[in-house]
Amino acid sequence: MTKDLSGKCKTSNKAVLAWVEEMAKHCKPDCIYWCNGSKAERKTLTAEAVEMGVLIKLNQKKLPGCYYHRSNPNDVARVEQSTFICTESQEEAGPTNNWMAPKEMYQKLRAYAEGSMRGRTMYVIPYLMGPPGSPLAKVGIELTDSIYVVLSMGTMTRMGEIALEELGTSDDFNRGLHCMLDVNPERRYIAHFPKDNAIISVGSNYGGNVLLGKKCLALRIGSYLGRQEGWFAEHMLVLGVESPAGEKTYVAAAFPSACGKTNFAMMMPPPHLKGWKIWTIGDDIAWMRPGPDGRLYAINPEAGYFGVVPGTNSKSNPAAVQMISRDTIFTNVALTPDLDVWWEGKDGPPPKECLDWKGNKWTPDSEEKAAHPNSRFTAPMTNNPLLAPEVNDPTGVPIRAIIFGGRRSNTTPLIYQAFNWVHGVYIGATMGSEMTAAAVGGAGQVRRDPLAMLPFCGYHMGDYFRHWINMHKTIKHPPRIFHVNWFRKDGQGEFLWPGFGENMRVLKWIVDRCHARTDAEETALGWVPGPASLDLTGLSNFSPERLEQAQAIYEEEWRREIMMQDELFMKLHARLPKELIFQRELLLARL
Ligand code: GTP
Ligand code: SPV
Ligand code: MN
């Protein structure tokens with residue numbers, strides 16, 4: 001068992017010490033380990049995780065620094081039905097969130113947590129979200145009995161002493177408690193207490209349920225604080241586009257879970273546009289606030305990527321292939337006999353035989369998938385060959401365009417631009433998308449996912465729309481707003497648009513629009529590229545007719561779409577900004 005657990009407390013912060021002591025008394029671990037975030041510590045803890053069987057060491061010749069993890073098969077994705085926002089009133093959490101009174105939830109979860117770390121180690125993880133010294137950065141402390149969480153948080157955040165240094169003597173830190181319990185869906189709760197800046201997660205050991213800096217702090221608690229303090233916490237990638245002339249334009253994009261953020265943030269332009277270059281700031285979360293010059297500035301609060309593995313190959317995402325070839329934890333992919341990893345959509349042929357994500361023997365004849373559709377890599381951002389140097393800039397980067405997008409096999413065109421800010425907020429608020437494996441249940445069904453924040457907004461969705469409309473007044477030079485859909489299909493069920501690196505062509509039009517140097521035509525939905533302004537040079541098997549199909553707006557489909565949007569609007573009725581209802585009427589009038 002535990003060999004070297006000498007992690008000593010390196011803080012004299014009274015609030016931290018008192019809280020850790022209180023939680024330790026309650027959870028009753030055998031020992032407490034304070035993470036310092038050093039390389040030596042990572043080495044020791046990794047070796048310990050291997051010894052415990054939590055990780056398998058992969059083939060170090062092929063995959064230096066890489067490890068393999070299998071989660072409990074009942075615990076493979078976020079569980080939205082177990083996620084709660086515990087505000088004083090249910091009204092404050094709104095109709096799109098599960099709610100329980102804070103007192104009741106504290107009581108329930110404290111009972112689960114009591115004594116639950118007997119015989120186990122409680123790890124104290126101080127972590128910093130955002131570049132050190134950034135006015136947008138925040139400190140959290142996660143207490144966990146999962147060594148997998150420790151190692152993951154070490155990659156996903158700036159973990160250890162750096163966070164305690166940033167905190168100093170302040171008591172302003174997020175208090176996060178994670179207890180694995182027996183990893184039983186019946187006792188699985190991810191509970192947020194926005195007023196206390198606190199999170200309790202029990203009964204899971206997977207991704208967004210337990211890496212508390214990510215969805216819980218950076219999005220749910222973050223969005224709650226952002227509304228109070230005048231900033232945005234969003235489910236958005238952030239990237240920089242460098243033109244052949246060296247001009248850099250920063251763009252943020254909100255696509256729902258498993259709808260293409262990581263791929264877009266790490267895009268490799270096609271040969272025809274090879275003078276253009278993409279720089280990644282972040283692939284999942286953006287914290288944005290107006291700067292003194294009237295522009296909207298964004299930081300990436302994270303330090304790593306927890307990305308979808310299936311479909312990753314040297315054609316779809318060459319930068320990711322390079323990034324995950326070292327220092328990466330693979331969760332729920334397939335394991336080959338030579339301790340390499342495999343997944344559906346990887347380069348090369350499938351292995352003749354391997355173990356699937358559950359550890360069962362798998363061959364190409366097997367009916368089931370070898371890798372779970374929500375299998376993930378956990379890789380440090382410093383491995384990304386496209387990492388923007390600005391990622392550590394405490395002031396962030398000025399955003400020129402915001403792109404919304406969903407996964408829709410019909411109805412929604414490849415690209416259109418909002419007429420103005422409020423129209424853009426309407427487009428974001430009414431976003432629809434087919435559900436994916438990133439959350440348990442409902443895969444393939446279209447649902448409303450406003451600004452890709454349905455599972456992540458820590459308060460009433462109507463108030464969230466209001467916040468977006470109001471913020472316009474504080475941003476003198478607001479970003480232009482766009483909507484994309486990479487996933488529209490033709491009559492044969494094939495994607496109309498080639499996607500991935502070819503998305504650069506759409507992004508180039510967006511950037512050119514921001515700099516007012518390309519034309520557009522007005523449609524009922526918004527501005528679309530003029531006849532020759534979307535550059536299709538060198539795109540094989542893609543006729544102008546196919547583009548027409550990808551851009552088509554069918555009145556019948558849109559009338560149905562607006563009816564579907566009404567379901568969400570009716571739910572939010574009491575707090576729905578009137579501006580959005582006017583936008584709906586204007587759209588109907590234009591159709
Ligand atoms: P989360 O981490 O869950 O928030 O997801 P994400 O938005 O970062 O999604 P990601 O980039 O990992 O993509 C998810 C899935 O969409 C993968 O299976 C990709 O292969 C697929 N995908 C991404 N971009 C495109 C595209 O342009 N076209 C098509 N057809 N598929 C895409
Ligand atoms: C998502 O579901 O949007 C993710 C993965 O980014 S998780 O961290 O599990 O939420
Ligand atoms: Mn995400």
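Here is how the numbers come out for the structure above:
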{"read-out": "Proximal charge balance of residue 425 [Cβ under 14 Å; K/R count +1, D/E count -1]", "value": "+2"}
{"read-out": "Kirkwood-Stokes translational diffusion coefficient of region 67-106, alpha-carbon pairs, 25 °C, 0.890 mPa s, µm²/s", "value": "203 µm²/s"}
{"read-out": "Cα gyration tensor shape of region 446-591, rounded if a/c is under 1.5, else prolate or oblate by comparing a/b with b/c", "value": "prolate"}
{"read-out": "Amide hydrogen neighbours beyond the local backbone of residue 84, cut-off 5 Å, H modeled", "value": "190, 191, 192"}
{"read-out": "All Cα pairs of region 518-591, percent lying beyond 17 Å", "value": "58 percent"}
{"read-out": "Cα-based shape type of region 399-471, given that a ≥ b ≥ c are square roots of the gyration tensor eigenvalues and the cut on a/c is 1.5", "value": "oblate"}
{"read-out": "Local electrostatic count, residue 64, Cβ distance below 9 Å [Lys/Arg +1, Asp/Glu -1]", "value": "+2"}
{"read-out": "Theoretical ellipticity at 222 nm over the chain - DSSP helices of four or more residues, -39500 (n - 2.57) apiece, nearest 500", "value": "-7500 deg cm²/dmol"}
{"read-out": "Cα-based shape type of region 234-343, given that a ≥ b ≥ c are square roots of the gyration tensor eigenvalues and the cut on a/c is 1.5", "value": "oblate"}
{"read-out": "Rounded to whole Hz, the Karplus (6.51, -1.76, 1.60) HN-Hα couplings of region 523-532, x for glycine and proline", "value": "10, 4, 7, x, 7, 10, x, x, x, 10"}
{"read-out": "Kirkwood-based shape ratio for region 158-218, expressed as Rg/Rh from alpha carbons", "value": "1.03"}
{"read-out": "Computed over region 71-185, Kirkwood Rh from alpha-carbon pairs, angstrom", "value": "16.2 Å"}
{"read-out": "Residues of type lysines that residue 352 reaches as a straight line, Cα spacing below 28 Å, ignoring anything fewer than 8 places off in the same chain", "value": "57, 61, 62, 315, 361, 369"}
{"read-out": "Degrees separating the helix 503-514 axis from the principal Cα axis of the chain, which is the longest one", "value": "70 degrees"}
{"read-out": "Extension gain (nm, one decimal) between residue 14 and residue 368, 0.36 nm per residue minus Cα-Cα", "value": "122.2 nm"}
{"read-out": "Considering only the chain, percent of DSSP beta bridges that pair antiparallel, nearest 5", "value": "65 percent"}
{"read-out": "Lysines with Cα under 19 Å of residue 28, excluding same-chain neighbours fewer than 8 positions away", "value": "8, 108"}
{"read-out": "Projected area averaged over orientations for region 164-318, convex hull of C-alpha atoms, nm²", "value": "12.4 nm²"}
{"read-out": "Degrees separating the helix 147-156 axis from the principal Cα axis of the chain, which is the longest one", "value": "40 degrees"}
{"read-out": "352, 10, ranked by accessible area, largest first (probe 1.4 Å)", "value": "352, 10"}
{"read-out": "Probe 1.4 Å, all protein chains present, accessible-area order of 120, 110, 175, largest first", "value": "110, 120, 175"}
{"read-out": "Relative frequency of Cα-Cα separations exceeding 19 Å in region 350-484, percent", "value": "68 percent"}
{"read-out": "Cα-Cα over 23 Å, subset of 14/138; 261/489; 138/195; 14/43; 14/214", "value": "14/43; 14/214"}
{"read-out": "Local net charge near residue 321, Cβ-Cβ under 12 Å (Lys/Arg +1, Asp/Glu -1)", "value": "+2"}
{"read-out": "Debye equation applied to the C-alpha atoms of the chain, log10 I(q)/I(0) at 0.07, 0.08, 0.12 Å⁻¹", "value": "-0.40, -0.53, -1.25"}
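The values are calculated or read from the model by the stated rules, or taken from the named source; none is laboratory data. For clarity, every value in this text was computed on a predicted model and none was experimentally measured. FYI the Cβ positions are ideal-geometry reconstructions off the backbone, even for glycines, and counts take in every protein chain you see. Just the protein is used for accessible areas: all its heavy atoms, side chains included, with ligands, DNA and RNA removed. Shrake-Rupley method; radii C 1.70, N 1.55, O 1.52, S 1.80 Å.
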